[in-house]
Amino acid sequence: MRIDILTLFPDMFRGAFENSILKRAVAKQLLELHTHDIRAYTTDKHHKTDDYPFGGEAGMVMMIEPIARCIELLQSERTYDGIYLMAPDGKPFVQSKANEMSLLNNIILLCGHYKGVDERVRELYVTEDISIGDYVLSGGELAAMVVTDAVARVIPGVIGDGTSALSDSFQDGLLSPPVYTRPADFRGHRVPDVLLSGNEKLIKEWKFEQQMIRTKERRPDLLQDL
Ligand code: ADE
């Protein structure tokens, strides 16, 4: 899979892409990540990427021209299965969307900034808007990192243990059960006996029960969706 990210701040992605799962996915050649500096696609001498909104209002709007130039150059090189705009008024990003996107070949993530992007970018290029939550970030970059990470980790082969991504919270619509590791006793706080019992059936039942308890307590809305 190939992900092209269009941003005014390509340096922000370094730390996120050069560590942990994303680094591993790239090293295994299961994922290609490319950032593109939108400013490099301006044609005026001041490298302007934003301007005042028509009709007034505070804040600046990202201009369509550099974004269009960058997208069209990429589209001349390969076909894209989706062009996603990171925006607070987008569709809420959920696990099933990450799973679905992980099956695509080439996608573009466009990071918005300031007051937003000229609406014609949405009309002409964007296939879907994505929001990572009901709050406003300073830009779409952190959202694009979140989406990239969530998508990359479900690409088959990225996580060593073939089943672990599928047992994450939300994959079955429930939160994950609590997990423990050594020591079995930390200052008198013991790991639940059942996990040390070696009885696979009982462990499985306990885990499911814990998932239900957690989900009921913390995210009852998820149970209504089942
Ligand atoms: N850009 C600013 N806020 C955002 C959000 N919540 N989700 C995605 N992109 C954003």
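Tally the residues that are near the ligand (Cβ under 7 Å from one of its atoms) and either within 9 Å of the chain's Cα centre (by Cα) or assigned to a helix (DSSP H, G or I) (or both), restricting the search to the stretch 138-156. Total meeting the criteria: 1.
Whenever a residue of the stretch 199-226 is surrounded by 12 or more Cβ atoms within 10 Å (Cβ to Cβ), its partners that are of a type in the set (Asp, Glu) and at pLDDT below 95, lying with C-beta atoms within less than 9 angstrom and at least six residues away or across chains, give the pairs 211/172. Taking the stretch 110-131 as the range and being under 26 Å from residue 225 (Cβ atoms) and either of a type in the set (Phe, Trp, Tyr) or crowded, with 20+ Cβ neighbours inside 10 Å (or both) as the test, only 130 passes.
Checking the structure you have, find out if any residue of the stretch 77-96 is in a helix (DSSP H, G or I), in contact with a helix residue (DSSP H, G or I) (Cβ under 7 Å, 6 or more places away or on another chain) and at pLDDT 95 or above.
As a first pass, look at the stretch 77-96 and keep what is in a helix (DSSP H, G or I): 77, 95-96.
From what is left, the residues that are in contact with a helix residue (DSSP H, G or I) (Cβ under 7 Å, 6 or more places away or on another chain) are none.
Checked the stretch 77-96: no residue is in a helix (DSSP H, G or I), in contact with a helix residue (DSSP H, G or I) (Cβ under 7 Å, 6 or more places away or on another chain) and at pLDDT 95 or above.
What about residue 67, is it among the hydrophobic types (A, V, I, L, M, F, W, C), in contact with a Phe, Trp or Tyr (Cβ under 7 Å, 6 or more places away or on another chain), surrounded by 15 or more Cβ atoms within 10 Å (Cβ to Cβ) and within 26 Å of residue 152 (Cβ to Cβ)? When the stated conditions are applied, residue 67 does not pass them.
Residues in the stretch 18-58 that are in contact (Cβ under 8 Å) with a residue 24 or more places away in the chain and within 16 Å of residue 151 (Cα to Cα): 21, 22, 24, 25, 28, 30, 31, 32, 33, 34.
With respect to the conditions (1) modelled with pLDDT of 95 or more; (2) part of a loop (DSSP other than H, G, I, E, B), residue 66 lacks only one, and its number is (2).
Would you confirm whether or not the stretch 172-190 contains a residue that is more than 30 Å from residue 25 (Cβ to Cβ), part of a loop (DSSP other than H, G, I, E, B) and hydroxyl-bearing (Ser, Thr, Tyr)? For the stretch 172-190, residues more than 30 Å from residue 25 (Cβ to Cβ), part of a loop (DSSP other than H, G, I, E, B) and hydroxyl-bearing (Ser, Thr, Tyr): absent.
Per the conditions (1) farther than 16 Å from residue 122 by Cβ; (2) within 16 Å of the ligand (Cβ to nearest atom), the sole criterion not satisfied by residue 51 is (2).
For the stretch 81-98, the candidate set comprises residues that are buried (at least 17 other Cβ atoms within 10 Å of the Cβ) and in contact (Cβ under 8 Å) with a residue 60 or more places away in the chain; within that set, the residue that is nearest to residue 133 (Cα to Cα) is 86.
Do we have any residue at all in the stretch 106-126 that's outside any loop (DSSP other than H, G, I, E, B), among the acidic types (Asp, Glu) and over 20 Å from residue 1 (Cα atoms)?
Checked against the condition, which is being outside any loop (DSSP other than H, G, I, E, B), among the acidic types (Asp, Glu) and over 20 Å from residue 1 (Cα atoms), the stretch 106-126 yields at least one hit.
In the stretch 122-135 there is at least one residue that is more than 21 Å from the chain's Cα centre (by Cα) and away from the ligand (no atom under 14 Å from the Cβ). For the stretch 95-113, the count of residues that are within 16 Å of the ligand (Cβ to nearest atom) and at positive phi is zero. The number of residues in the stretch 1-57 being under 17 Å from residue 67 (Cα atoms) and of a type in the set (Asp, Glu) comes to 5. Restrict the check to the stretch 165-183 and report whether at least one residue is under 24 Å from residue 220 (Cβ atoms), out of contact with any strand residue (DSSP E or B) (no Cβ under 7 Å at 6 or more places or on another chain), surrounded by 13 or more Cβ atoms within 10 Å (Cβ to Cβ) and charged (D, E, K, R). The answer is yes; a qualifying residue exists.
When the criteria are applied in full, residue 135 meets the requirement of being surrounded by fewer than 18 Cβ atoms within 10 Å (Cβ to Cβ) and in a loop (DSSP other than H, G, I, E, B).
The values are calculated or read from the model by the stated rules, or taken from the named source; none is laboratory data. Note that this is a predicted model, so its numbers are computed, not measured. Reconstructed Cβ throughout: ideal geometry from the backbone, glycine too, with neighbour counts over all protein chains shown.
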